[in-house]
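Nothing in this text is a laboratory measurement; each read-out follows from the coordinates by a stated rule. What you are looking at is a predicted structure, and each value in this text was computed from that prediction instead of being measured. Note that each Cβ is placed from the backbone with ideal geometry, even for glycine, and that neighbours are counted across all protein chains shown.
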Amino acid sequence: MKKILLNFFLLFIIAIFSSCSSGTSAGGQVNPNGSVTVKYEIILSSPLIPITPTAPTPQILYNNSTAQREFANDFNYGSSTWTKTFNLTASRPCLASLTCNGLYMNTSGTVTANIYINGVVKATQTNPTQGSSGIYGAIVELNYAIY
C-alpha cells in the first residue's frame with residue numbers, strides 16, 4: 001500500500017511540474033509578463049483605388065496598444081499594403097482586432113489580412129474580391145486573443 005501511495009504521489013508531483021512552463025502557455029501564447037509587439041497587415045493583390053474620384057481612403061478599425069478601438073485612414077490610393085505596428089501596453093488577456101471595408105481594386109483578386117504577435121503570424125484571412133466593371137472590393141475582419 002505504501003508503494004502505491006508513493007507512486008501516486010510521485011506521479012502527482014511530475015504532473016504538476018510538467019504542466020508549468022516559462023515563456024509560453026500550453027497554447028503557445030505569449031507570457032503575460034513578457035513584452036508583446038503587435039503588427040497588423042493588409043495586402044491587396046492590386047493597388048487600392050477610390051470607388052469615386054472624391055472618395056475618402058478606407059477606414060481601418062483596429063485595437064491599439066491599449067486595446068481600444070482606433071481608426072486609421074492612412075491606406076493610400078495606389079498602394080497595395082498597409083501595416084500598423086506597436087508595443088502592447090494593455091493588460092492581458094486582450095484582443096487584437098482588425099476590420100476594414102472599402103478596399104477596392106480595378107481587377108479581380110484577393111485581400112489578405114494578417115495579425116502578427118512578436119513577428120509570428122497568429123491569424124490570417126484571405127478573401128476574394130467581388131464586383132465587376134473595373135471595381136472589385138472586399139471586406140476583412142480578423143481577431144486574435146492575446147494572453
Original post:
For q = 0.10, 0.20 Å⁻¹, what log10 I(q)/I(0) does the stretch 29-146 give under the Debye formula with an equal point scatterer on each alpha carbon and no solvent?
Top reply: -0.31, -1.00
Subject >> Around A113: net Lys/Arg minus Asp/Glu count, Cβ-Cβ under 15 Å >> reply: +1
